[in-house]
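Enquirer: One structure is given below, represented as structure tokens, and several questions about it will come after.
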Amino acid sequence: MKVLVPIKRVPDPYAKVKPLADGSGLDLSGIKFDINPFDEIAVEEAVRMKERDASVSIVAVSIGGAETEEQLRKALAMGADEAILIETTDALDPRAIAAELAALVNDLQPDVVLMGKQATDEDNNQVGQRLAAKLGWPQATFASKVSPAEGNVTVERETDDGGETLLLKTPCLITTDLRLNEPRYIALPGIIKARSKPLSKRERATSLEPQVKTLNLEAPPARAGGRKVGSVDELVDALKEMGVIA
Amino acid sequence: MSHLLLIAFDGADAIQGARFAQALDLPFDIIQLTGEAVTDLGARRVLTFGLPSLPPADFLAHALKDLVNESTHIAAVSAMRSKDVLPRLAGLLDAPMVTDVLKIVSKDTFVRPMLAGSVLATVQVSGSPILMTVRPAGFPEAVRSGSSEVVHTKPQFAGTTRRVSASAKQGGRPDLSQAGVVVSGGRPLKDADTFERLIGGLADHLGGAAGATRAAVDSGIASNELQVGQTGKVVAPNLYLACGISGSTQHMAGIKDSKVIVAINTDGDAPIFEIADLGLVMDLYEAIPQLMEKMPKA
Ligand SMILES: Cc1cc2nc3c(=O)[nH]c(=O)nc-3n(C[C@H](O)[C@H](O)[C@H](O)COP(=O)(O)OP(=O)(O)OC[C@H]3O[C@@H](n4cnc5c(N)ncnc54)[C@H](O)[C@@H]3O)c2cc1C
């Protein structure tokens, strides 16, 4: 079984990233980058599949600049067999990304595409579902448990009011939620060792221009902080005064 | 002619979505997938599917694709169910989509959050139709008047996904994303019983919903559908009571639209106090029982 794992390079989700004063972009000076946490969960899940079934092969792919090699190397160190960088500095929207990935899927013919439900920089939550639609594949978003079998995958997924279990015929697409697994820690030596694994580069296979363009970035209006109260009685009185409770 | 199609999963969702539909100020139709049609929201027509429950995303997106017709805008209220289906529909239509619209600048320009709400992006969309998930809290309550024509529609489903089972919703408490009061708990709640007794108990006392942080969900204290934040639910109650919650960027991303935020935390320097309207530095195990005694019961 071949598993394709698309990953994105994003600013460290715990870093405080601010927009530039002129709103033209993000101030990324001094910010570390990592694999999008949801994609890292997808890599981890693929590696666990491989550990259970040696016939699983894992290809990690990313679309981005040359620096994205760093994240692909990490995916290789985690256990991916091969990595592909679709090298571009174009600003792409989810529609263009999905088109690019669809071209790659048609070339590589994986049985499963496993990827993060959203990237923590743009928080779009679109690419997986769009890609599944383009390919005409069934999808399971927000996966919390993935059980592959011959010709199908059973996925437990999270929903607004709890969860459900879906049975998907392969080929299929799965997007990961936080509870699927906890990715293994990869120390630097592991990443260096993964240098012997194949990483190839390609150019974009499609030429879609983004249809969603960012005009401006700004910090949200700060919520005016309030005040501290000294006791539960004071709290209840203050809430009454504000008209929040009767 | 510009025209909006609002996709509503049920009646309550239609009422929330109509806030955005009325604010966009275009003629609109509603497709209401389940429940009895809500007909006083100003839509020209309400198409009802009359489904007992929702089919998987591949079936649903396929059926919706045939009903888009001349719509220039297609919107649904942000939720996991809409985020499952709408991007798939966008993929089928090869159309642009904007996630989590907070504000309308013009008919093709919108404001949305990114980086867990720490940045607001103004985006302009070319191409049509424009698909959107929208956060209703930023728009005025829908005006209720008139009476839309109701059209019973037989959707043409096609797909291959099979639903094996679904967990039933725990009844009783109001829906988190629409509740007027939300009581949330974090990591210090110890275990599921304690969470239910204190956070659930106070929520019930106030007639509200219970919410949780990811830390609480991850350690099995609260169930996953209660997670509030960047990757959980976005809430917009009149009162948000954060008990034992540090105030991570990811959690705050889900609570910023609350009218009044109250934080109870033993650490006076916890970041949650920077955005809380009222802060109480106190052990939640002492504070919550007192609150149950002193807050009026709903
Ligand atoms: C990609 C990604 C997505 C994420 N998405 C979300 C999300 O959607 N929602 C979310 O919540 N988190 C999310 N997180 C996690 C987030 O970063 C924090 O780890 C989490 O919100 C912390 O939860 P907490 O406040 O319960 O725990 P902690 O940060 O451990 O805080 C516990 C607080 O309780 C206080 N406390 C301890 N004992 C008591 C007591 N007896 N009485 C009163 N106060 C007490 C402490 O002072 C502390 O401030 C995400 C993280 C990542 C990387």
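Enquirer: Kindly indicate which of A:Arg223, A:Arg184, A:Arg179, A:Arg204 is part of a loop (DSSP other than H, G, I, E, B) and closer than 30 Å to A:Ser144 by Cβ.
Expert: On the way: A:Arg223 fails: closer than 30 Å to A:Ser144 by Cβ; A:Arg179 fails: part of a loop (DSSP other than H, G, I, E, B); A:Arg204 fails: closer than 30 Å to A:Ser144 by Cβ.
Going through A:Arg223, A:Arg184, A:Arg179, A:Arg204 in turn, just one is part of a loop (DSSP other than H, G, I, E, B) and closer than 30 Å to A:Ser144 by Cβ: A:Arg184.
Enquirer: For segment A:103-149, enumerate the residues that are closer than 23 Å to A:Glu51 by Cα and aromatic (Phe, Trp, Tyr).
Expert: Of everything in segment A:103-149, just one residue is closer than 23 Å to A:Glu51 by Cα and aromatic (Phe, Trp, Tyr), namely A:Phe142.
Enquirer: Of the conditions (1) surrounded by fewer than 18 Cβ atoms within 10 Å (Cβ to Cβ); (2) modelled with pLDDT of 95 or more; (3) at the interface with chain B (Cβ under 9 Å from one of its Cβ atoms), A:Gly162 clears all except one; give me its number.
Expert: The number of the failed condition is (2).
Enquirer: Ok, one more. Select the helices (runs of 4 or more DSSP H) contained entirely in segment B:172-244, then report the ones holding at least 3 residues which are touching a helix residue (DSSP H, G or I) at 6+ places or on another chain (Cβ under 9 Å) and either near the ligand (Cβ under 9 Å from one of its atoms) or not assigned by TED's automatic domain parsing to the domain that holds B:Ala287 (or both).
Expert: On the way: elements: B:192-195, B:201-205, B:214-218.
Hits in segment B:172-244: B:214-218.
Enquirer: Among the numbered criteria (1) touching a Leu at 6+ places or on another chain (Cβ under 7 Å); (2) modelled with pLDDT under 95; (3) among the small types (Gly, Ala, Ser), which one does B:Ala212 miss?
Expert: (2)
Enquirer: Another one. Look through B:Thr122, B:Thr161 and report the one residue that is surrounded by 12 or more Cβ atoms within 10 Å (Cβ to Cβ), closer than 22 Å to B:Arg81 by Cβ and of a type in the set (Ser, Thr, Tyr). Lay out the reasoning, then the answer.
Expert: Details: B:Thr122 fails: closer than 22 Å to B:Arg81 by Cβ.
Of B:Thr122, B:Thr161, the one residue that is surrounded by 12 or more Cβ atoms within 10 Å (Cβ to Cβ), closer than 22 Å to B:Arg81 by Cβ and of a type in the set (Ser, Thr, Tyr) is B:Thr161.
Conditions tested, residue by residue: (1) assigned to a loop (DSSP other than H, G, I, E, B); (2) modelled with pLDDT under 95; (3) touching a Phe, Trp or Tyr at 6+ places or on another chain (Cβ under 8 Å); (4) of a type outside the set (Val, Ile, Thr).
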| site | (1), (2), (3), (4) |
| --- | --- |
| B:Ile31 | no, no, yes, no |
| B:Gly50 | no, yes, no, yes |
| B:Ala63 | no, no, yes, yes |
| B:Ala76 | no, no, yes, yes |
| B:Arg88 | no, no, no, yes |
| B:Gly91 | no, no, no, yes |
| B:Thr99 | no, no, no, no |
| B:Val105 | no, no, no, no |
| B:Phe110 | no, no, no, yes |
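Enquirer: Continuing with the same structure: Considering A:Pro110, A:Pro148, which residue is under 17 Å from A:Glu45 (Cα atoms), modelled with pLDDT of 95 or more and in a loop (DSSP other than H, G, I, E, B)? Show your work before the answer.
Expert: Working: A:Pro148 fails: in a loop (DSSP other than H, G, I, E, B).
Of the residues listed, the single one that is under 17 Å from A:Glu45 (Cα atoms), modelled with pLDDT of 95 or more and in a loop (DSSP other than H, G, I, E, B) is A:Pro110.
Enquirer: May I pose another question? Has segment B:6-27 got at least one residue that is basic (Lys, Arg) and within 18 Å of the chain's Cα centre (by Cα)?
Expert: Taking segment B:6-27 as the starting set, the residues that turn out to be basic (Lys, Arg) are B:19.
Cutting the leftovers down to within 18 Å of the chain's Cα centre (by Cα) gives us B:19.
Yes; the residues of segment B:6-27 include at least one that is basic (Lys, Arg) and within 18 Å of the chain's Cα centre (by Cα).
The values are calculated or read from the model by the stated rules, or taken from the named source; none is laboratory data. These numbers were taken from a predicted model, which means no experiment stands behind them. No Cβ is skipped: glycine too gets one built from the backbone with ideal geometry, and neighbour counts run over all protein chains shown.
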